[in-house]
Amino acid sequence: MRKILFYLLLFKKAIYLFFYPLFTGAKWLRPIRLSMENYLIFQPAKLRAQKVEKSLLKKFTPIRFITKDNAKLYAWYIPPKDNNPVILFFHGQAESILAHQDVAKLCLDNGLGLFLLSYRGHYKSGGLPSERGIYLDAQAAIEKLNALAVFTENIILWGHSLGTTVAVETAKNYSVKALILQSPIKDIKSAAIDISKFYFKKMRMYMLRAISVHLIRGCKFIQKFDNLSKISKVECPILIMHSKADKIAPYYNSMALANENDSAELFLSKKGNHWLNEWCFDKVIDFIGKL
């Protein structure tokens, strides 16, 4: 049933994409464009809902806080041991923090702190997501960590998929300890093309696949989520990780990003896929240990 609902949602997004160019003229249409873009880009993970694992209960502190534009946010916080760094984690599209409970276990097992942020409009957080909005969410998370006596120089940003755009934007503006990008995108347009190619090919709808890709290439999106133009401005140590088996976001995204910053370390794995995390855990711990 969930699979059927997912594909119905995909078709609905394709219809939105078809009509989007009709609203790219006058400036007064900008709010409508932004609303359509947010629907196309964000998919709070109701169709992939998971339960909190019993092994994690009472091992994290639920945190509620408010952004500068009054969005009410939710996060999980695990304090570090022995002044170890704290990972501020940004999940991807069509996910929630529940999809990354294994990251919480990794931090607990290695004495690392964790701040697992739920964006506005996602699991237990209020408001509606947008590019500007989730960047403000990250800013509020940094400020909340500072209030918890976790200072910026001891924070490691870790982003997954769409969350890598939040991580890069935040690393560009704050002097953090390090930046970790897992299965990153280059920008929102190329990511939309990759996703359309994958799902319509999977459904063997090759004509719709070609039409969708053509429409996306012609779209002038207001919101860019542009890692490729920003990563050269990041000055902290960077680890970029990608599974070669990733069919959602191709691994050459990571290669392109690594080429834009000489300090970036690139790790390509034969194991894993877009939705799994464990394939990169050993590399993450090794990277953090060398900081």
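Here are D82, D102, D69: which of them is assigned by TED's automatic domain parsing to the domain that holds N173 and under 20 Å from the mean Cα position of the chain (by Cα)? Break it down stepwise before answering.
Working: D82 fails: under 20 Å from the mean Cα position of the chain (by Cα); D69 fails: under 20 Å from the mean Cα position of the chain (by Cα).
Only one candidate passes the filter, namely D102.
Of the helices (runs of 4 or more DSSP H) lying entirely inside segment 158-276, the ones with 1 or more residues being within 22 Å of G289 (Cα to Cα) and assigned by TED's automatic domain parsing to the domain that holds I142 are found at 163-173, 252-258. Of all the numbered requirements in (1) farther than 23 Å from L276 by Cα; (2) of a type outside the set (F, W, Y); (3) buried (at least 24 other Cβ atoms within 10 Å of the Cβ), L179 misses one, and that requirement is (1).
Taking N38, is it exposed (fewer than 12 other Cβ atoms within 10 Å of the Cβ) and either assigned to a helix (DSSP H, G or I) or on the phi > 0 side of the Ramachandran plot (or both)? Quick ask: steps written out before the conclusion?
Values: exposed (fewer than 12 other Cβ atoms within 10 Å of the Cβ): no; either assigned to a helix (DSSP H, G or I) or on the phi > 0 side of the Ramachandran plot (or both): yes.
Against the criterion (exposed (fewer than 12 other Cβ atoms within 10 Å of the Cβ) and either assigned to a helix (DSSP H, G or I) or on the phi > 0 side of the Ramachandran plot (or both)), N38 does not qualify.
Only one of the numbered conditions (1) surrounded by fewer than 24 Cβ atoms within 10 Å (Cβ to Cβ); (2) in contact (Cβ under 8 Å) with a residue 24 or more places away in the chain; (3) over 30 Å from K13 (Cα atoms) is violated by Y199, and that is (3).
The set of residues from segment 129-167 being crowded, with 24+ Cβ neighbours inside 10 Å and of a type in the set (D, E) comprises just one member, D137.
Among the residues of segment 237-247, write down those that are surrounded by 19 or more Cβ atoms within 10 Å (Cβ to Cβ) and farther than 16 Å from F287 by Cβ. Steps first, answer last, please.
In the first step, residues of segment 237-247 are kept if they are surrounded by 19 or more Cβ atoms within 10 Å (Cβ to Cβ); the result is 238-243, 246.
Passing the criteria: S243, D246.
Hey, among D282, D286, which residue is over 21 Å from the mean Cα position of the chain (by Cα), part of a helix (DSSP H, G or I) and within 24 Å of L179 (Cβ to Cβ)?
Numbers: D282 fails: over 21 Å from the mean Cα position of the chain (by Cα).
Checking each option against the conditions leaves just D286.
Any residue at all in segment 186-193 that is under 14 Å from the mean Cα position of the chain (by Cα) and basic (K, R)? Yes, there is a match, as at least one residue in segment 186-193 is under 14 Å from the mean Cα position of the chain (by Cα) and basic (K, R).
The values are calculated or read from the model by the stated rules, or taken from the named source; none is laboratory data. All figures in this text were calculated on a predicted structure; none of them were measured in a lab. All Cβ positions, glycine included, derive from the backbone under ideal geometry; neighbour counts span all protein chains shown.
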